[in-house]
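The values are calculated or read from the model by the stated rules, or taken from the named source; none is laboratory data. These numbers were taken from a predicted model, which means no experiment stands behind them. Here the Cβ positions follow ideal geometry from the backbone for every residue, glycine too, while neighbour counts run over all protein chains shown. When the accessible area is computed, the model is the full protein with side chains, heavy atoms only, and any ligands, DNA or RNA have been set aside. Shrake-Rupley method; radii C 1.70, N 1.55, O 1.52, S 1.80 Å.
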Amino acid sequence: MRRGSIVALLGLALIAGGVATAVALVPTWLPEDASQQAGRIAFTFWFVIAICIFIFAIVAAVMVYAVIRFRVREDDFEDGPPIHGHTGLEITWTIIPFILVTAIAIVSAIVLSRNDAQAKDTLRVDVTAQQFEFTFSYPDAGNVTSPVLMLPKGRSVELYMRALDVIHSVFVPQFSVKEDVVPGLVTQLHVTPTRLGTFPLECTELCGLGHSLMRSQAVVMEPAAFDSWLKKQEKSAGPPPSSTTTSPTSTATSTTSTPSAAGLTVFNANGCASCHTLSAANATGTIGPDLDNLVSYAKKANRPLEAFVRESIVDPNAYIQPGYQKNVMPDNFGQTLTKSQLDAVVGFLVQSAQKSGNK
Ligand code: CUA
């Protein structure tokens with residue numbers, strides 16, 4: 001091979017590699033790391049990307065060089081010279097990919113096993129997924145429940161996840177971990193948060209009409225703040241599970257005990273806004289009936305307003321407003337509320353329905 005060809009090939013490889021590197025590095029492809037797992041996943045990702053750029057540069061350089069250098073002249077109809085393989089070259093292009101693929105497999109296996117390794121003081125959180133909300137509970141703290149995943153920074157956490165209806169999936173992009181939640185199974189997901197903050201927690205399995213609204217948050221707090229949050233919840237929870245003013249990010253939480261404030265809290269904590277519109281709660285969901293029209297729905301169902309609202313929560317299939325489907329609202333929805341929560345949310349809905357009048 002002439003020296004000029006080698007220089008040309010090297011130059012082309014540098015250009016192709018440079019362009020590919022810029023595409024890899026300039027846009028922000030990955031979310032910021034917020035867990036130990038995310039750091040390792042990012043390492044694996046960049047390890048594979050570096051190998052890909054290396055291979056791409058070689059292939060692109062040879063291809064561009066060949067297209068330019070060996071282009072036929074217009075009057076040239078001859079066949080190329082017969083070539084019968086090149087043992088050295090074949091061994092080379094078998095061994096190099098073998099080494100690279102083996103290296104990727106080893107790195108991935110190490111990362112996966114480290115990512116799943118629980119520490120001694122692992123915190124257990126039970127996750128319940130149903131159309132279209134997540135509920136998180138803390139079995140080591142009297143089964144305190146929360147609509148938001150609260151986590152202490154720096155502690156190993158294992159989620160034990162159950163689905164009540166169809167397949168859902170839990171994903172926090174900043175944690176770089178994701179796992180399906182399957183009816184009949186308890187799936188597990190391990191994460192060790194490393195950064196304080198509030199991160200989106202999304203369902204990433206198409207699970208029905210409200211799938212795109214099935215979102216919650218993962219809130220990472222200082223361990224001391226987390227402990228005092230848990231203690232406070234435990235105290236205020238009382239007997240059955242109560243999920244109320246737990247979200248530090250929610251603007252609607254109010255600890256005053258006026259009936260409508262309590263009802264609004266129940267409304268927000270139970271994901272009602274994912275599916276329903278209600279101007280009193282700034283809710284704009286469109287999966288289920290518009291709750292600003294409750295007065296006219298009750299009339300249509302031929303029931304007194306309050307009894308109608310209560311029945312629609314406790315037994316959602318009893319009356320289906322024309323244009324909507326049965327079984328979209330979970331029929332055990334009312335059972336997840338305590339008596340006082342149910343009373344509060346019914347009172348709140350009746351009050352705001354009367355306010356918004358006979359639309
Ligand atoms: Cu649950 Cu999508």
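Scoring Ala105 on the criteria (1) loosely packed, with under 14 Cβ neighbours inside 10 Å; (2) within 30 Å of Ser212 (Cβ to Cβ) leaves a single failure, condition (2).
Provide a single number: the residues in region 175-184 that are outside any strand (DSSP E or B) and within 15 Å of the ligand (Cβ to nearest atom). Give the steps one after another, and end with the answer.
Filtering region 175-184 down to residues outside any strand (DSSP E or B) leaves 175-176, 182-184.
Among the residues that remain, those that are also within 15 Å of the ligand (Cβ to nearest atom) are: 182-183.
Residues meeting the conditions: 2.
In region 117-155, which residues are β-branched (Val, Ile, Thr), outside any strand (DSSP E or B) and open to solvent by 20 Å² or more (accessible area, probe 1.4 Å)? Before the answer, list the steps.
Residues of region 117-155 β-branched (Val, Ile, Thr): 122, 125, 127-128, 135, 144-145, 148.
Then drop every residue that is not outside any strand (DSSP E or B), which leaves 122, 148.
If the condition is that a residue be β-branched (Val, Ile, Thr), outside any strand (DSSP E or B) and open to solvent by 20 Å² or more (accessible area, probe 1.4 Å), then Thr122 is the only one that fits.
To keep it simple, each residue is scored yes or no on (1) under 45 Å from the mean Cα position of the chain (by Cα); (2) over 30 Å from Asp33 (Cβ atoms); (3) within 16 Å of the ligand (Cβ to nearest atom).
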residue: Arg73; (1), (2), (3): no, yes, no
residue: Ile95; (1), (2), (3): yes, yes, no
residue: Asp121; (1), (2), (3): yes, no, no
residue: Thr135; (1), (2), (3): yes, no, yes
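Quick one: which residue in Glu78, Glu158 is in contact with a His (Cβ under 6 Å, 6 or more places away or on another chain) and either open to solvent by less than 40 Å² (accessible area, probe 1.4 Å) or more than 17 Å from Leu189 (Cα to Cα) (or both)? Checking each option against the conditions leaves just Glu158.
All conditions in (1) touching a strand residue (DSSP E or B) at 6+ places or on another chain (Cβ under 9 Å); (2) of a type in the set (S, T, N, Q); (3) loosely packed, with under 15 Cβ neighbours inside 10 Å hold for Ser113, with the sole exception of (1). Against the criterion of being aliphatic (A, V, I, L, M) and within 16 Å of the ligand (Cβ to nearest atom), Val172 qualifies.
For region 213-237, the set of residues classified as in a helix (DSSP H, G or I) and within 16 Å of the ligand (Cβ to nearest atom) consists of Leu213 only. Would you mind stating whether Glu202 is in a strand (DSSP E or B) and open to solvent by 60 Å² or more (accessible area, probe 1.4 Å)? Answer is no for this residue. Sub-6 Å Cβ pairs linking a first residue in region 1-19 that is within 17 Å of Phe54 (Cα to Cα) and without any contact (Cβ under 8 Å) to a residue 40 or more places away in the chain to a second residue that is surrounded by 11 or more Cβ atoms within 10 Å (Cβ to Cβ) and among the aromatic types (Phe, Trp, Tyr), at least 6 apart or interchain, number zero. Gly197 passes every criterion in (1) surrounded by fewer than 17 Cβ atoms within 10 Å (Cβ to Cβ); (2) touching a helix residue (DSSP H, G or I) at 6+ places or on another chain (Cβ under 7 Å); (3) small (Gly, Ala, Ser) apart from (2).
For region 187-204, the criterion of a residue being away from the ligand (no atom under 16 Å from the Cβ), among the small types (Gly, Ala, Ser) and either under 16 Å from the mean Cα position of the chain (by Cα) or modelled with pLDDT of 95 or more (or both) is satisfied by at least one position.
One line per residue, one yes/no per condition, for (1) among the acidic types (Asp, Glu); (2) surrounded by 14 or more Cβ atoms within 10 Å (Cβ to Cβ); (3) assigned by TED's automatic domain parsing to the domain that holds Val157; (4) in a helix (DSSP H, G or I):
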site	(1), (2), (3), (4)
Ala8	no, yes, no, yes
Ala24	no, yes, no, yes
Pro31	no, yes, no, no
Ala38	no, yes, no, yes
Phe54	no, yes, no, yes
Ile68	no, no, no, yes
Leu89	no, no, no, yes
